[in-house]
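A.B. asks: Once you've had a glance at the structure underneath, I'll fire off some questions.
The values are calculated or read from the model by the stated rules, or taken from the named source; none is laboratory data. If you're wondering where the values come from, they're calculated on a predicted model, not measured in any experiment. Here Cβ is always computed from backbone atoms with ideal geometry, including for glycine, and neighbour counts include all displayed protein chains.
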């Protein structure tokens, strides 16, 4: 019996030891899990803080850029975004912004570079293509404007700026009938649009249809009494008649 009791005691002690070890292991695992969870939470918080700081820095950079643009300081408007661009040279919005700012600055080579970069990121986006149309018109590459313009209105028949820049290019290329079709199409949906009224009036003026020119530009001056271009053209017509 004494021998049995000794064996029983040993088994009990072994069982208790096993349970203690299991409890220690569980406590250690829980502690490790808690530490890992804490580390993960700290890392997440640090990442969130970094992202928040980056967001604020980005907002500030854009705010400065737009502020400089408003006063015509295009150099600093561009410089304000240089750090962001160096980090993300393939960012669509940054390239589009640079394309526009370089256009305003008169640096058409750089403007074209960034518009093409933006188009590469989003090949079907209209904004970079419209930027290219503006450059083509100011550089008098009117055939290029036509090509881009037709590709846009094939997808978006009434795209405002594509039709406007295309009408201008057609007028400069002396494709008067086609330009007139675009102007009338747009004026059917925007009958009070002073920009298209001016474009149509200038077209008729180039065609020497002075009666129609006067009719169109007189309506424009009702809508926009201080339009200098309309006044100058009407003044020229009055001299012709004199």
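Quick grid of which residues meet (1) modelled with pLDDT of 95 or more; (2) in a helix (DSSP H, G or I); (3) within 17 Å of residue 168 (Cβ to Cβ):
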site: 199; (1), (2), (3): yes, yes, yes
site: 211; (1), (2), (3): yes, yes, no
site: 214; (1), (2), (3): yes, yes, no
site: 226; (1), (2), (3): yes, no, no
site: 235; (1), (2), (3): yes, yes, no
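A.B. asks: Condition check: within 17 Å of residue 168 (Cα to Cα) and surrounded by fewer than 19 Cβ atoms within 10 Å (Cβ to Cβ). Does residue 207 satisfy that?
C.D. replies: Taking the combined requirement at face value, the residue satisfies it.
A.B. asks: Is one or more of the residues making up the range 146-162 surrounded by 15 or more Cβ atoms within 10 Å (Cβ to Cβ) and closer than 16 Å to residue 205 by Cα?
C.D. replies: Checking the range 146-162: not a single residue is surrounded by 15 or more Cβ atoms within 10 Å (Cβ to Cβ) and closer than 16 Å to residue 205 by Cα.
A.B. asks: Turning to a different aspect of this structure: Tell me the residue from 75, 119, 90, 139 that is surrounded by fewer than 15 Cβ atoms within 10 Å (Cβ to Cβ), within 16 Å of the chain's Cα centre (by Cα) and at pLDDT 95 or above, please.
C.D. replies: 90
A.B. asks: Are there any helices (runs of 4 or more DSSP H) wholly within the range 100-184 with 1 or more residues that are more than 29 Å from residue 75 (Cα to Cα) and in contact (Cβ under 8 Å) with a residue 24 or more places away in the chain, and if so which?
C.D. replies: Qualifying helices (runs of 4 or more DSSP H): 142-155, 160-172.
A.B. asks: Those residues that are under 19 Å from residue 181 (Cα atoms) and out of contact with any helix residue (DSSP H, G or I) (no Cβ under 7 Å at 6 or more places or on another chain), I need them from the range 203-226; list them, please.
C.D. replies: Once the filter is applied, which keeps residues that are under 19 Å from residue 181 (Cα atoms) and out of contact with any helix residue (DSSP H, G or I) (no Cβ under 7 Å at 6 or more places or on another chain), the range 203-226 yields 208, 209, 211, 215.
A.B. asks: Then there's this: Would you mind telling me which numbered condition in (1) surrounded by 16 or more Cβ atoms within 10 Å (Cβ to Cβ); (2) farther than 21 Å from residue 166 by Cβ residue 64 fails?
C.D. replies: (1)
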